[in-house]
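Accompanying notes for the structure given below.
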Amino acid sequence: MPSGGGEVVYSVDTNAFMDWQARYYPTDVFKSLVAHMAGLVQASRLQAAALVQEEIDAVGTPELVEWARTNAGIFVPTKALIAGALTIQGQFPGLRDPKAEHEEADAYVIELARLRDGIVVTQETPAAEKNRPRRTHFIPDVCRELGVPCISLLGLMRREKWAL
């Protein structure tokens with residue numbers, strides 16, 4: 001698939017995968033989106049932190065879990081991201097969900113985009129746009145403060161000039 005957005009790498013958050021396959025762009029309706037995403041995967045431009053795969057395994061639909069396993073090569077090992085992710089967590093303690101029982105992927109998603117000079121793809125909105133947010137920082141807040149580009153899944157589609 002030709003890309004209209006250049007050769008940038010996208011670091012994708014769990015919720016963007018969930019919104020793609022389970023919520024807003026189901027694969028049985030948006031069939032061309034599957035091919036477009038496959039093109040990004042084949043070009044090594046669609047990547048995610050390994051913790052994203054763990055989150056998909058925990059909360060994803062069976063179809064998304066299978067897709068993630070089939071495309072396991074997109075997931076970057078935690079050891080490659082941990083130093084930068086821990087720095088981000090230290091700098092922005094409000095990024096962590098106080099109710100989370102496991103390590104969260106957010107800082108790793110941001111660090112992957114920083115390492116690859118890429119763009120974060122998340123469906124999160126900034127804290128200021130939320131009614132009584134549970135924490136002070138969300139991915140878009142941290143990205144803004146660190147100068148890391150951050151877009152939604154729809155933003156990725158527009159940047160790539162996909163017509164579905």
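The values are calculated or read from the model by the stated rules, or taken from the named source; none is laboratory data. A quick note: this is a predicted structure, and the numbers were derived from the prediction, not measured. Neighbour counts run over all protein chains shown; Cβ positions are idealised from the backbone, glycine included.
Here Ala85 clears all of (1) under 23 Å from Asp141 (Cβ atoms); (2) of a type outside the set (Ser, Thr, Tyr); (3) surrounded by fewer than 18 Cβ atoms within 10 Å (Cβ to Cβ) except the condition numbered (3).
Screening the candidates Glu111, Glu145 for the property of being crowded, with 21+ Cβ neighbours inside 10 Å and modelled with pLDDT of 95 or more yields one hit, Glu111. Being of a type in the set (Lys, Arg), modelled with pLDDT of 90 or more, exposed (fewer than 15 other Cβ atoms within 10 Å of the Cβ) and closer than 28 Å to Arg158 by Cα holds for only one residue in Arg69, Arg23, and it is Arg69.
Taking segment 26-70 as the range and being more than 14 Å from Thr14 (Cα to Cα), part of a loop (DSSP other than H, G, I, E, B) and touching a residue at least 24 places away in the same chain (Cβ under 8 Å) as the test, the residues that pass are Thr27, Phe30, Ala43, Ser44, Arg45. Looking at Pro126, Pro98, Pro93, which one is closer than 28 Å to Phe30 by Cα and either hydroxyl-bearing (Ser, Thr, Tyr) or at pLDDT below 95 (or both)? Testing whether each residue is closer than 28 Å to Phe30 by Cα and either hydroxyl-bearing (Ser, Thr, Tyr) or at pLDDT below 95 (or both) leaves just Pro126. If the condition is being hydrophobic (A, V, I, L, M, F, W, C) and part of a loop (DSSP other than H, G, I, E, B), then segment 121-164 contributes Phe138, Val148, Trp162, Ala163, Leu164.
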